[in-house]
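The values are calculated or read from the model by the stated rules, or taken from the named source; none is laboratory data. Because the structure is predicted, anything quoted here is derived from the model rather than measured. Using ideal geometry, Cβ is built from the backbone for each residue, glycine included, and neighbour counts are taken over all protein chains shown.
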Amino acid sequence: AITEGWASFASTIFFTYNPAFSIYFDSPEVIRTALCLGPLRAATIESLVTNRPKEFREGCRQIVLLAEQTAATHSYSTFCPNHLVHRYGAIEFEANIRELMEEMRGGLKHDQLITISWAFAVIEKNAKKTFRDKEWAYENLHELFWTVLYQRPEVRKTIVASCKPENEQYAAYWQRISTANLSIADVPRDIPIISGDPLDASIVSGGPFLSFSNEMRELIFVNTEKLVAEMSAEIERRADGPEGVMVALDAEWSAYESHAAASILQISLYDVSYIVDIDCLPRDVIRPFIDMLFAHPKILKLGFQFHGDLVQLRMAKSLRGCAALYRPTNLSCILKLIVALTEASEKRPNGSELLEELVMAIPCSPNKQEGKSRGCYVDDEEGKG
């Protein structure tokens, strides 16, 4: 139904973008269908073709190029199946194709701002979490307000209104603050003194800090070429050992910007964690490291639903076109490990023994090829190399 265009556009995008479902599409024609139904994003196409055979990727590429030619020659009706011609419209189709091709070639989007409806929603939601539910720190709320206000000045009244009943001093601060001649990254630090911060260290036992295991001896912020070289050398040194090395990955990006790219990559080994500042590192410095990290067969990479993180990493300016982010080697999802453990333990009476068996097997041997390792009971999340 999706390939032939009988499903809604929302359903088509959901199944095309989600790799758990898109793997069952064996024809590139699903791209043609989606293009005839609505505004397709580059990330959706990238998700569909990731780790697919060369013939499938080439078929998708040809359909996209044909769509570009169709838009240029105003021949919309020859591109779309007859029953889809009136579902979208030639004018909208051509505008979408122009924006899609600009995005796929690394150009800027026409509107990278947070949608106005989402802006109002996050202001109200997180003000409530801070002032009433006492679940958010004022510092977090401060940064959120600035990020949204910078993009959408028209939300100022909403910000002020959300603060005034709880703290008039804080409301006055947002009434007068200006975003002129500043960038979105220039978050003002002159936060008014506010008593009773719900996550203040004096209120919450242990303070608002993350805890690390006793084995975690160092946390390193990587923001220079020298630090990248040292990090790369250390990870490669461990990977070249007989058992390889296991790393946990997590990317960070702003949830309050449209089409936001990843700006931070966290890489954790058992005794050291690296916080990699992607934004401040030149392309010729960070890209070779990312290529090595995601292509190295002896580095077992663990992430939690890391597919979405890969999409945001590909959008980073310094990482555009990085092949290893499209076909990563030896990358597994921790959620799949948990699901596999749960399903297996339900079938066996010795569930605790199975748990120990699986945990001991996670530091996998890199001897097997195609991104598989001894003791890994689940398929790689993003391909087999």
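Listing for the model above:
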| item | result |
| --- | --- |
| Count of residues meeting criterion [of a type in the set (Ser, Thr, Tyr), over 15 Å from ALA119 (Cα atoms) and either under 27 Å from the mean Cα position of the chain (by Cα) or surrounded by 11 or more Cβ atoms within 10 Å (Cβ to Cβ) (or both)] in the range 162-192 | 4 |
| Residue check for GLU124: at pLDDT 80 or above, over 30 Å from ARG320 (Cβ atoms) and of a type outside the set (S, T, N, Q) | yes |
| Among the candidates THR342, THR329, residue that is at pLDDT 85 or above and out of contact with any strand residue (DSSP E or B) (no Cβ under 6 Å at 6 or more places or on another chain) | THR329 |
| Some residue of the range 163-177 being of a type in the set (Val, Ile, Thr), at pLDDT below 85 and not in a helix (DSSP H, G or I) | no |
| Test: residue in the range 296-305 that is within 29 Å of GLU99 (Cβ to Cβ), at pLDDT 85 or above and in a strand (DSSP E or B) | no |
| Condition met for ILE159 (under 30 Å from GLU68 (Cβ atoms), buried (at least 19 other Cβ atoms within 10 Å of the Cβ), modelled with pLDDT of 75 or more and not polar (S, T, N, Q)) | no |
| Subset tally (residues that are closer than 21 Å to ALA233 by Cα and modelled with pLDDT under 90) for the range 252-266 | 0 |
| Every residue from the range 314-341 that is polar (S, T, N, Q) and in contact with an Asp or Glu (Cβ under 7 Å, 6 or more places away or on another chain) | ASN330, SER332 |
| Exclusive hit being free of Cβ contacts under 8 Å to residues at least 24 places away in the same chain and either buried (at least 16 other Cβ atoms within 10 Å of the Cβ) or at negative phi (or both), set SER75, SER22 | SER75 |
| Contacts under 6 angstrom Cβ, first residue in the range 140-155 being assigned by TED's automatic domain parsing to the domain that holds SER183, partner among the hydrophobic types (A, V, I, L, M, F, W, C) and outside any helix (DSSP H, G or I), 6 or more apart | HIS142/ILE191; GLU143/VAL187; TRP146/VAL187; TYR150/ILE184; GLN151/LEU113; GLN151/ILE114 |
| Single residue of the range 178-232 satisfying the filter (under 19 Å from GLU143 (Cβ atoms) and hydroxyl-bearing (Ser, Thr, Tyr)) that is modelled with the lowest pLDDT | SER183 |
